[in-house]
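Inspection log for the structure reproduced underneath, given as structure tokens.
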Amino acid sequence: SREKRPGFSHHKKAGAMNALIRVSAVLTNAPFMLNLDCDHYINNSKAVREAMCFLMDPQIGKRVCYVQFPQRFDGIDRHDRYANRNTVFFD
């Protein structure tokens, strides 16, 4: 956990990730960070390898700093009024 002073914006997940980056810079020299939410899941067991292929590619790897996979949600109502299926962007 990190210090959360009253009266300051904690920036939620981004603040926690920033704190992790600062601490990990002291503890390790690892150049990559993987962020997973506890309530999401990945059905593709090769997803991490695919993300690393983007980051380590000799042609585009120097220009890529972030890889985002689509989130999939269970229990979406049949009208999908909030576009949770992401079919417009990813399918």
Item to check | Within the range 23-40, tally of residues that are surrounded by 10 or more Cβ atoms within 10 Å (Cβ to Cβ), of a type outside the set (Val, Ile, Thr) and over 12 Å from the mean Cα position of the chain (by Cα) | outcome: 2
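Looking only at the range 1-13, which residues are under 30 Å from Gly75 (Cα atoms) and loosely packed, with under 10 Cβ neighbours inside 10 Å?
Matches in the range 1-13: Lys12 only.
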Item to check | Count of residues meeting criterion [surrounded by 10 or more Cβ atoms within 10 Å (Cβ to Cβ), modelled with pLDDT of 70 or more and not aromatic (Phe, Trp, Tyr)] in the range 62-79 | outcome: 5
Next on the checklist: I'm told Asn43 meets every condition in (1) at pLDDT below 85; (2) surrounded by 10 or more Cβ atoms within 10 Å (Cβ to Cβ) except one. Can you identify the failing condition by its number?
Outcome noted: (2)
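The values are calculated or read from the model by the stated rules, or taken from the named source; none is laboratory data. Here the structure is a predicted model, which is why all the values come from computation and not from measurement. Note: ideal-geometry Cβ built from the backbone for every residue, glycine included; neighbour counts use all protein chains shown.
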